[in-house]
Amino acid sequence: METVGIIGAGQIGSALAKIIAETGRYHVIASRRNLSKIKDLEGLGIELTRDNKIVASKSDIIIVSVKPHKAFEVLKEISEEVRNKIVISVAAAIPLDRLIEAAPEAKIVRAMPNINILVKASFTAYSVGPNLKEDDLKKVQELFRLMGEYIEVEEELMDAITALSGSGPAYVSTLIEAMAYAGLKVGLPRELAYYSAAYTVLGSAKLYLDTRLHPSVIKEMVLTPAGVYASVMLGSGKQYTWISIMRDLPINLSSATYGILEKQMVDKVLLESNIERNSLTIQIEYKAKLCEIMKVEKIDLKPVFYNTLLNSSRLRP
């Protein structure tokens, strides 16, 4: 059984330790200065220590998961212990040549997972140094497979990957939050607003990944004349970027939803009554019929929307 060492068992490092240990195929040893914060890892059979050199000397594969400004220092510290061993650095923005400079006889891999590793759904990009052989690469890929999806890229792309997928969960979470706020704005319960927003993002991602339809095609599949999306995105006449979408989504979704509800309610009232649009008594008759429908269908409208319905421009001759 091979031993995998984790140096720096913080949020990402601890997740890695758990995922790898749970397979039962590896012995795992992890280091952190404050061991009290990772005591739960011992329940998975993970060996804990404060000494990075012990981790490096006992391990066949070492994962360095420390803050970027500490990566060079840590690799220098363990350089003797990692000779001819695979060392995977997940420290952001530290290039291969800098990592190799710190541990020249190690088999260095630079990788960038993301926080979705916590649920084994990370997208991990990686680049390899010159010392890795084919068998070494297979071992590295076996570990990455446990985390989610992975892909080897040219190192010149790693910084861009870090900005895109490495930080990506924060961008997507901001979108989910904005969608949920929009749901709250139009009266959805908090849990339902967040769950429906998150699952919509998950389903949309799966639709793209499974079909490879371009996002603009998926968007067109949803877009209908005078529908919610058109009202949200085009109703204000603005040219939207993703930042402005997230900023204005609650406002525009609220307006679009009310606009559609207004059309539905007014049309329903007019359809179920004999009110003529040019009638002098239209407001009185309309209000009476609206209240009747609301009572029968148990519709509870916020006062501001009720007033909107009473003064709808659709009632004008």
> Ranking ARG25, ARG110, ARG212 by Cβ neighbours within 10 Å, fewest first, what do you get?
Replying inline: ARG212, ARG25, ARG110
>> If I take R0 = 25 Å and measure r between the Cβ atoms of SER204 and ALA163 in this structure, what FRET efficiency does the formula 1/(1 + (r/R0)^6) give, to the nearest 0.05?
In response: 0.70
> Counting DSSP beta bridges with both partners in region 2-166, what percentage is antiparallel, nearest 5?
Replying inline: 15
>> Between VAL217 and LYS120, what is 0.36 nm times their sequence separation minus the Cα-Cα distance? Round to one decimal in nm.
In response: 32.0 nm
> What is the log10 of I(q)/I(0) for region 28-138, computed with the Debye formula using one identical point scatterer on each Cα and no solvent, at q = 0.16 Å⁻¹?
Replying inline: -0.76
> In nm, what is the difference between 0.36 nm times the number of residues separating LEU192 and THR3 and their Cα-Cα distance?
Replying inline: 63.7 nm
> Using a basic spin-label model with each label point 7 Å from the Cα along Cα→Cβ, how many nm lie between TYR229 and LEU184?
Replying inline: 2.6
>> Which residues does the label zone of ASN84 cover in region 94-128, counting backbone N under 19 Å from a point 7 Å along Cα→Cβ?
In response: 103-109
> With r defined as the distance between the Cβ atoms of LYS76 and GLU152 and R0 fixed at 22 Å, what FRET efficiency is calculated, to the nearest 0.05?
Replying inline: 0.25
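Throughout, read-outs are computed from the coordinates displayed, never taken from laboratory work. All figures in this text were calculated on a predicted structure; none of them were measured in a lab. So basically every Cβ, Gly included, is an ideal-geometry build from the backbone, and we count neighbours across all protein chains shown.
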